[in-house]
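A short worksheet on the structure shown next.
Just so you know, all these numbers are worked out from the coordinates, no wet-lab data involved. The structure presented is a predicted model; accordingly, all values stated were derived computationally and were not measured. Glycine gets a Cβ as well: all are built from the backbone with ideal geometry, and neighbour counts include every protein chain shown.
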């Protein structure tokens, strides 16, 4: 990692994900948490994985998420706007990141923050208020504590 990468800052940005074609490669716990966080904001989420977490299956059965039950193939990237590489295979995740960059697809790699085009924030939603929390990919526990505290304050204030 270069010094420039070490000090790189990520701009918080709220995006309209409606009509964005989002792909998750991997169907485990990390994919499940992120899919559940994205699902209220996105209407085109596809999972490619030979197996999927029970909560992903529930979303599939409800018609909220599409599941392709097999191993990832590079053709799965065609037409995608955002890809989440969330497998337990670091080499595959890195290969997916390279393939996404070659195609100009924004990618998040769960196993290596240095391969991410963006970090996935902790999300607080209360009514129309939406807050994203990040610790720049360095301290997930700290980000979770901050997110939980914000949720407490919003709840206490009745916001």
Could you tell me the center-to-center distance, by alpha carbons, between segment 17-71 and segment 117-159 in angstrom? 22 Å
In percent, how large is the relative contact order of the chain, given Cα pairs closer than 8 Å and 6 or more residues apart? 18 percent
Any idea how far apart residue 98 and residue 123 come out in nm if each label point goes 7 Å out from Cα toward Cβ? 3.2 nm
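Return the percentage of antiparallel bridges among DSSP beta bridges fully within the chain, rounded to the nearest 5 %. Working shown, then result.
Values: 5 of 20 bridges.
Given both bridge residues lie in the chain, the antiparallel proportion sits at roughly 25 percent.
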Per 0.36 nm of contour for each residue apart, how much would the distance between residue 139 and residue 16 grow if the chain were fully extended, relative to their Cα-Cα spacing? 41.6 nm
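If r is the Cβ-Cβ distance from residue 37 to residue 75 and R0 is 22 Å, what FRET efficiency results, to the nearest 0.05? Let's see the in-between values first.
On the way: r = 27 Å, r/R0 = 1.23.
After rounding to 0.05, the efficiency reads 0.25.
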Based on DSSP H runs of at least 4 residues, each adding -39500 (n - 2.57), what is the mean residue ellipticity at 222 nm of the chain after dividing by all its residues, to the nearest 500 deg cm²/dmol? -10000 deg cm²/dmol
Ratio to report: Rg/Rh of the chain, with Cα atoms as the point set and Rh obtained by the Kirkwood method; give two decimals. 0.97
